[in-house]
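The values are calculated or read from the model by the stated rules, or taken from the named source; none is laboratory data. In this text the structure is predicted, and so the values were computed from the model without any measurement. Every residue, glycine among them, receives a Cβ derived from its backbone with ideal geometry; neighbour counts consider all protein chains shown. In case anyone asks, the SASA skips ligands and DNA or RNA and just uses the protein heavy atoms, side chains included. Shrake-Rupley method; radii C 1.70, N 1.55, O 1.52, S 1.80 Å.
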Amino acid sequence: MTNSPEESPVLNTLRQTFDSLLATAREQGASEETISLLRANNAEFYNFLMFSDGRFDLPNRNAFYKTAAELIETNRNKEYGCILFNIRDFHRTNQILGPDVSNTILENFLSSLKNKLSEDEYLFAEGQDDGVILCKTDHVEKFLEYLQCARVEYDSITHETYEVRCAVGCNRNIGNISVHFMVMESVSIPLKMARADKARGTWCVFWDESIGLHAWSQALIEDSIPRALKDEEFAVYFQPKVNLKTYTLAGAEALCRWKHNDKLIYPDEFIPVMERNGTIGELDFYMLEHTCRHLRRWLDIGLQPVQVSVNLSRVNIGTESLIDRIIRTVDVYNVPHNFIQIELTETTTDVGFAELKELMEGLHDAGFSMAIDDFGTGYSSMSIIRNLPWNVIKIDKSLLHEHTDPSQDRHLMFKSITHMVQTLGLEAIVEGVESLDDITLLKENDCYLAQGYYFDKPLPADIFEQRLRTVQE
Ligand code: C2E
Ligand code: CA
Ligand code: CA
């Protein structure tokens, strides 16, 4: 329920069709009286389609916007609050009890809510399991109590009941809102937050101004992403990997930076947004392609590049012809595959084993190196480690930074993980190496590959290129 009350294309087409039918009727000699009769009926039909949910005979989202606008125009919004709710797990109710029973539950639930409305209060419905209430601020609690947990009877003979629980976004008072669609924003953002925080038992989130600011900046970022991809505003930074036996450059990781309006934006600001809206899939290919462009340039000017790892998000896994697309992207630049390592985060391993296996084997057979990223933060099973062709296990920085007291669990974890990696004959690299103490710990555990601020932060491509030159001098 986030659109403003514009006509849908369907309604627009319907209106145009009706207008042309009226014109034809007029051409065929229909009287003005007949025409105005037809027009009046049409208006009624059209209003019904525009403002009713068509299922429970309740007003719909368009009606909501119209009412919100009227409340604002007449200054009565100061007396009102707004509540947006979504019935939890309703698709499961549907699966378990069947469509007839769940329909009855929904109908009875909505009709009880409707009975709670006082004069000049409104309930709007739309879709399977969403609804919105505009009620007097004093009555907000009464509705919330019902929405938190409502016992709904669905069999009038046996009196069997079902417990309906909702996730809720609530704005207790819409008095300082001056645009109708902001009333919906002020409850839909909190509802999203309530749904996302279900694991911690949250069922209702209230609107406050700080929520608005955060959501606004996220929305700005989200809006700018497609253009940023098109205008190539994302830059590849290279963070060196270092061999601790020789202290020489052993590889690099390609990390993304967004150059936007003279500002450098870091991944923690935009990657979560891109993961949510799916554009991370495109970013990964953008990064792979741009990494290959750099590698090609270095090969062309006679520099000997190192292997560069690129991150592949879980969003991509399972997409059609992923392996082909990766190979094609690299082959356009004629970059030998052994210059590319693909990093999959440990959480990626939650995806189906069969899909992961197909991807891993395909990429491995094509000559790419495969690394498991952030190892030690998730729950990878031994079978995922043993039965898939990993080349490198990348140990997460969280296992490193609390190692000063040897009795601490993390230190023990670090030791046992490095030993396990070695036993399996895989290469271990540790990221987040920040101090000499870190390096000592790595060496004590026979771990000789490191990446971290102790050596370098991620470097712009031209600085990294100079590094390649000095290595070869
Ligand atoms: P990551 O893949 O685990 O990358 C390592 C992150 O650790 C990088 O943060 C890097 O700058 C940071 N780091 C490196 N050395 C140190 C250190 O010594 N100490 C500390 N505290 N941090 C260190 P960055 O570049 O901000 O990237 C953050 C995350 O964003 C990455 O974590 C990765 O998950 C994601 N990311 C960045 N670029 C891409 C991309 O192109 N595609 C995808 N899918 N994700 C990306
Ligand atoms: Ca990584
Ligand atoms: Ca990592």
Some residue of region 295-309 being crowded, with 17+ Cβ neighbours inside 10 Å and within 30 Å of Ala219 (Cα to Cα): no
Scan of region 150-170 for residues that are under 26 Å from Thr137 (Cα atoms) and either touching an Asp or Glu at 6+ places or on another chain (Cβ under 9 Å) or among the hydrophobic types (A, V, I, L, M, F, W, C) (or both), ordered by number: Ala150, Arg151, Val152, Val164, Arg165, Cys166, Ala167, Val168, Cys170
Any hit, region 326-333, residues being surrounded by fewer than 20 Cβ atoms within 10 Å (Cβ to Cβ) and within 26 Å of Asn387 (Cα to Cα): yes
Identity of the residue in region 234-256, open to solvent by 20 Å² or more (accessible area, probe 1.4 Å) and within 14 Å of ligand 2 (Cβ to nearest atom), that ends up farthest from Ala196 (Cα to Cα): Tyr237
Boolean, Arg39 is touching an Asp or Glu at 6+ places or on another chain (Cβ under 9 Å), more than 30 Å from Asn173 (Cβ to Cβ), charged (D, E, K, R) and part of a helix (DSSP H, G or I): no
Residues located in region 442-453, provided they are more than 16 Å from ligand 3 (Cβ to nearest atom) and open to solvent by 20 Å² or more (accessible area, probe 1.4 Å): Lys443, Glu444, Asp446, Tyr448
Residue among Ile429, Ile439 that is open to solvent by less than 70 Å² (accessible area, probe 1.4 Å), over 18 Å from Glu343 (Cβ atoms), β-branched (Val, Ile, Thr) and in contact (Cβ under 8 Å) with a residue 60 or more places away in the chain: Ile439
Lone unmet requirement of (1) more than 9 Å from ligand 1 (Cβ to nearest atom); (2) closer than 19 Å to Pro336 by Cβ; (3) touching a residue at least 12 places away in the same chain (Cβ under 8 Å) for Ile301: (3)
Hits in region 257-269 (condition: open to solvent by less than 100 Å² (accessible area, probe 1.4 Å) and either within 16 Å of ligand 2 (Cβ to nearest atom) or among the β-branched types (Val, Ile, Thr) (or both)): Arg257, Ile265, Pro267
Residue within region 351-371 that is within 27 Å of the chain's Cα centre (by Cα), part of a strand (DSSP E or B) and within 16 Å of ligand 2 (Cβ to nearest atom) present: yes
Where a residue in region 381-409 is on the phi < 0 side of the Ramachandran plot and assigned to a helix (DSSP H, G or I) and its partner, wherever it lies, is modelled with pLDDT of 75 or more and within 14 Å of ligand 1 (Cβ to nearest atom), with Cβ under 7 Å and at least six apart: Lys397/Glu431; Lys397/Gly432; Ser398/Gly376; Ser398/Thr377; Leu399/Gly376
Verdict on Asp365 being more than 27 Å from Ala450 (Cα to Cα), modelled with pLDDT of 95 or more and away from ligand 1 (no atom under 16 Å from the Cβ): no
Residue identified as open to solvent by 60 Å² or more (accessible area, probe 1.4 Å) and either farther than 28 Å from Asn176 by Cα or within 30 Å of the chain's Cα centre (by Cα) (or both) among Arg92, Arg76: Arg92
Scan of region 435-452 for residues that are closer than 21 Å to Val308 by Cα and out of contact with any strand residue (DSSP E or B) (no Cβ under 9 Å at 6 or more places or on another chain), ordered by number: none
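If we keep just the residues of region 443-455 that are in contact with a helix residue (DSSP H, G or I) (Cβ under 8 Å, 6 or more places away or on another chain) and not polar (S, T, N, Q), which is farthest from ligand 2 (Cβ to nearest atom)?
The first filter runs over region 443-455 and keeps only residues in contact with a helix residue (DSSP H, G or I) (Cβ under 8 Å, 6 or more places away or on another chain), leaving 445-448, 450, 452, 454.
Pick out the ones that are also not polar (S, T, N, Q) and you get 446-448, 450, 452, 454.
On the way: Asp446: 23, Cys447: 17, Tyr448: 19, Ala450: 14, Gly452: 12, Tyr454: 17 Å.
Per the criteria, the residue is Asp446.
Name the strands (runs of 3 or more DSSP E) wholly inside region 221-295 in which the number of residues that are within 12 Å of ligand 1 (Cβ to nearest atom) is 3 or more. Break it down into steps so the answer makes sense when it comes.
Numbers: elements: 234-243, 248-260, 263-265.
Output list reads 234-243, 248-260.
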Residue ID - surrounded by the fewest Cβ atoms within 10 Å (Cβ to Cβ), chosen from residues in region 310-325 that are near ligand 1 (Cβ under 9 Å from one of its atoms) and among the hydrophobic types (A, V, I, L, M, F, W, C): Val315
Qualifying residue in region 148-157 (condition: part of a helix (DSSP H, G or I), open to solvent by less than 90 Å² (accessible area, probe 1.4 Å) and in contact with a strand residue (DSSP E or B) (Cβ under 9 Å, 6 or more places away or on another chain)): yes
Filter result for Val187 (open to solvent by less than 20 Å² (accessible area, probe 1.4 Å) and among the hydrophobic types (A, V, I, L, M, F, W, C)): yes
Some residue of region 326-348 being in contact with a helix residue (DSSP H, G or I) (Cβ under 9 Å, 6 or more places away or on another chain), over 29 Å from Leu249 (Cβ atoms), more than 16 Å from ligand 2 (Cβ to nearest atom) and outside any strand (DSSP E or B): no
Residue within region 362-378 that is in contact with a helix residue (DSSP H, G or I) (Cβ under 6 Å, 6 or more places away or on another chain), within 15 Å of ligand 3 (Cβ to nearest atom) and on the phi > 0 side of the Ramachandran plot present: yes
The listed residue being among the basic types (Lys, Arg) and at pLDDT below 75, out of Arg15, Arg39, Arg61: Arg15
